[in-house]
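K.L.:
Have a look at this one.
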Amino acid sequence: MNNGPIIYVASRASIPERPAMWRALRAQGLRISSSWIDEAEEGQTDDFADLWHRIESEIRSSNGLILYAEKNDFPLKGALIEAGMAIGMGKPVAVVLPGEPFFEPPTYRPIGSYGCIMIDARYFGL
């Protein structure tokens, strides 16, 4: 997968399983540009202004963004800002909500005020 797309991943950093999941996928060859996954524990980020500059640069250099959340991950904070940054840059954003319907049946209205377009991961070449 070394020649695959570069993906920025956004999820709840304060839940230890999320950055661990992304690090495991990176170890398997997924090209993840998100540096926050290596400093997600309390006290590991020295300079949050620097972190947000890096985030902007990492999103800009990626082919797209995956926003991942599970039911108990809400409220999301930084992950929504990251998704908004990607949308503002014209990057594709995939919303992954395992086990959660994204559209409200029977109207098929988006649930909530998601500003992201749900797309198949194949759009990223995965």
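Taken together, the values in this text are just the output of simple stated rules run on the coordinates, not laboratory data. The model shown is predicted, which means the values in this text are computed figures rather than measured ones. Cβ placement follows ideal geometry from the backbone for every residue including glycine, while neighbour counts extend to all protein chains displayed.
K.L.:
Quick one: how many residues across region 57-88 are of a type in the set (Lys, Arg) and over 12 Å from the mean Cα position of the chain (by Cα)?
P.N.:
Residues of region 57-88 that are of a type in the set (Lys, Arg), as a first pass: 60, 71, 77.
Imposing the further condition that a residue be over 12 Å from the mean Cα position of the chain (by Cα) reduces the set to 60, 71.
Qualifying residue count, region 57-88: 2.
K.L.:
On to the next question. Can you name the residue in region 7-28 that is in contact (Cβ under 8 Å) with a residue 24 or more places away in the chain and crowded, with 16+ Cβ neighbours inside 10 Å and is also farthest from ALA94 (Cα to Cα) among such residues?
P.N.:
ALA13
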